[in-house]
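Take a look at the structure below.
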Protein chains: 2
Amino acid sequence: MIGIFDSGIGGLTTVRAIMQKLPGYDILYYGDTARMPYGSKSPATVQQYAMENSRFLLENGAKIIIIACNSAASIAVDAVKASFDLPVFEVVDPAVEAALATPLPHRIGVIGTRATITSGIYEKKIKALNPDATVHSLPCPLLVPLVEEGWLDTPETTRIIKKYLHPLKTRQIRSLILGCTHYPILEKPIAKKIGKGVRIINSGSCVADTVARYLKEHPETDTLLTKNHNHRFYVSDITEQFEKSAKTMLQESVSLSQIRM
Amino acid sequence: MIGIFDSGIGGLTTVRAIMQKLPGYDILYYGDTARMPYGSKSPATVQQYAMENSRFLLENGAKIIIIACNSAASIAVDAVKASFDLPVFEVVDPAVEAALATPLPHRIGVIGTRATITSGIYEKKIKALNPDATVHSLPCPLLVPLVEEGWLDTPETTRIIKKYLHPLKTRQIRSLILGCTHYPILEKPIAKKIGKGVRIINSGSCVADTVARYLKEHPETDTLLTKNHNHRFYVSDITEQFEKSAKTMLQESVSLSQIRM
């Protein structure tokens, strides 16, 4: 199966992208809702959680792993790659590549949780590939709770998005990376506020493209992946609210099962 | 020492109230920042965490325990009382008693996290003491992230408070329980929006009153508590943001130490 984990239910936006790009592929999802959010936690803690989540996916039949959590991707991908003998993907690199594939000049905005932005991972990776690119990064900690509250198009959400994006608008960015799995749900109001000239980079779609390309180039991995339209969703904690949010993220009904770590 | 735990740093508003009401008393604080917030988690998970936190306090010299987390108070106080042989206080009962001590008619509003409001604990306890009281409860999940973002008096925060409190205003409540340890930090804008006729009940202050009264009535417990102005603050995860928030909550500088459970 394709194993995907996130700190919570936000990673389901990546699952949705995978389901669209690789229809029929079996998916095993693990959302660590009992310890979410990772965004405000220290690197050591996030790394420990990422290792535990990866082990769960591996032990339950995952043949590739996608880290669909920007905080964990930034901090823990190297440790996961070093510890487990299977292809590991994450949501940062594909978004960086997509941003650098847009027309010049490369004035790139990045929004995410505080941990992701503080880690500087997007800026480092963009600069490593193109030292001339300009990167403006901005933490937007209120967007996740707004999505989870279901305030997707309220005036309050619009105002907060406007307030957050203002510094990026004045810097005339040309592309904007949504560096958090929850943000695709707010893609419309974000696109509206940042303006027409800015290309929005959705990291879930980008990683789905990357995985699809990898499987075409590596048939030996592709044959390991079963394709029976089997989608299993595990979480470390379950509440009515998580189930409601999961439906918002996946944009279809979903049945969550609880696993205690 | 007086042991106090919370899911994060919000419980420091209760520590502040204790320091004001019982100056000099030694305090041992534990904030479970690695697993915060509890508000969105299931009762079984919150109960497990509360037991672990209580054990930590007991093993490190606590002679009384204050559960300064509304989610844990609602869900786990009975389990903690049954498992540990020391006086256990929590933030719900004292606030309920304070609300019922206000002049008639008892039209009481309660705001808190989704877990606290869904548990119905305030309504049940108020009705048990006074079946004639009317209780209007309302989850306000965005207020905690707004406090942690440091947006204490921005127009966005004012708008969100206004939107949340609107249903309580139309019901003409007479008192409003701040059923979350973060909310005292927003007491001024909340008081302004709900209007002059409504008495604000701050649960941190109420539990400090209850503990002070208990110690006066139980000198055998009071003598167990050292009084050397020694305040120790432990958290399960530490970041710059937590340190900044801790200062906001305690309204003075604070040094946090990390303990892994």
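The values are calculated or read from the model by the stated rules, or taken from the named source; none is laboratory data. Since we're looking at a predicted model, the values are computed, not measured. Glycine also receives a Cβ, built like all others from the backbone with ideal geometry; neighbour counts cover every protein chain displayed. Keep in mind that these areas ignore ligands, DNA and RNA; they rest on the heavy atoms of the full protein, side chains included. Shrake-Rupley method; radii C 1.70, N 1.55, O 1.52, S 1.80 Å.
When each copy gets a label point 7 Å from Cα toward the beta-carbon at B:LYS163, what are the spacings between them in nm, shortest first?
Label-point separations across copies, in nm and ascending: 1.1.
Which one, A:LEU186, A:THR113, A:SER175, is farthest towards the positive end of the dipole of region A:93-203 when Lys and Arg carry +1 and Asp and Glu -1 on their Cβ?
Of the options given, the answer is A:SER175.
Treat each spin label as a single point 7 Å out from the Cα along the C-beta direction, and report the A:LYS196 to B:LYS127 distance in nm.
5.6
Please compute the average number of Cβ atoms from other chains found within 10 Å of each residue's Cβ in peptide B:226-237. Show your work: numbers first, answer last.
Values: counts 0, 0, 0, 0, 0, 0, 0, 0, 0, 0, 3, 6.
Mean inter-chain Cβ contacts per residue within 10 Å come to 1.
Run the accessible area of region B:93-203 with a 1.4 Å probe and give the carbon-and-sulfur part as a rounded percent. Intermediate results must be reported in sequence, preceding the final value.
Numbers: 2570 of 4790 Å².
Heavy-atom surface of region B:93-203 belonging to carbon and sulfur, 1.4 Å probe: 54 percent.
Hand me the tally of lysine pairs in region B:93-203: alpha carbons under 22 angstrom apart, and the pair either on different chains or 8 or more positions apart.
For region B:93-203, the number of qualifying lysine pairs is 15.
Relative to the other copies, what are the label-point distances for A:SER255, with labels 7 Å from Cα along the C-beta vector, expressed in nm at one decimal and sorted shortest first?
5.5
For region A:1-130, how big is Rg over Rh, using alpha carbon atoms and the Kirkwood form of Rh?
Using Cα coordinates only, the ratio equals 0.97.
In nm, to one decimal, how far is the modelled label at B:LYS247 from the one at A:GLU59, with both set 7 Å along Cα→Cβ?
Result for the modelled spin labels: 4.2 nm.
Going 7 Å from Cα along the Cα-Cβ axis for the label, what nanometre distances separate A:PHE84 from the same residue across the other copies?
3.6
Keeping all protein chains in place, calculate the accessible area per residue for the protein assembly as shown (probe 1.4 angstrom), answer in Å². Write down the numbers at each step before the final one.
Details: 20920 Å² over 522 residues.
Accessible surface, normalised per residue, equals 40 Å².
Determine the sum of side-chain charges near A:ILE9: Lys and Arg each +1, Asp and Glu each -1, restricted to other residues whose C-beta is under 11 angstrom from that of A:ILE9.
Details: positive: A:LYS244, A:LYS247; negative: A:ASP6, A:ASP32, A:GLU148, A:ASP237, A:GLU243.
Here the charged neighbours net out to -3.
Evaluate 2.2 N^0.38 Å with N set to the residue count of chain A, then give the Cα radius of gyration divided by it. Each step should come with its number before you reach the end.
Working: Rg = 17.3 Å, N = 261, 2.2 N^0.38 = 18.2 Å.
The value comes to 0.95.
How big, on average over all directions, is the shadow cast by the Cα convex hull of the protein assembly as shown, in nm²? Mind showing how you got there, number by number?
Numbers: hull surface 99.4 nm².
Average of the hull's projected areas for the protein assembly as shown equals 24.8 nm².
How big, in percent, is the set of alpha carbon pairs in region B:93-203 lying more than 25 Å apart?
Working: 861 of 6105 pairs.
Taking all Cα-Cα pairs of region B:93-203, the fraction more than 25 Å apart is 14 percent.
Take every residue in peptide B:147-159, count the Cβ atoms of other chains within 10 Å of its Cβ, and give the average of those counts.
Values: counts 0, 5, 7, 1, 4, 0, 0, 3, 2, 8, 3, 0, 5.
For peptide B:147-159, the averaged partner shielding equals 3.
Note down the nm distance, to one decimal, between modelled labels 7 Å out along Cα→Cβ at A:THR158 and at B:ASP85.
Here the modelled spin labels are 6.3 nm apart.
If one takes the accessible area of chain B alone plus chain A alone and subtracts that of the pair, with a 1.4 Å probe, what total in Å², rounded to the nearest 100, results? Provide the component values of the computation, followed by the final result.
On the way: alone 11810 and 11820 Å², together 20920 Å².
The buried area between B and A, both sides summed, comes to about 2700 Å².
In whole percent, what relative contact order does region B:93-203 give with Cα contacts below 8 Å and a gap of six or more residues?
On the way: 157 pairs, mean separation 38.3, N = 111.
Averaging sequence separation for qualifying contacts and normalising by length gives 35 percent for region B:93-203.
Can you send over the solvent-accessible area of B:ARG174, 1.4 Å probe, protein chains only, in Å² to the nearest 10?
Ignoring ligands and nucleic acids, B:ARG174 comes out at about 90 Å².
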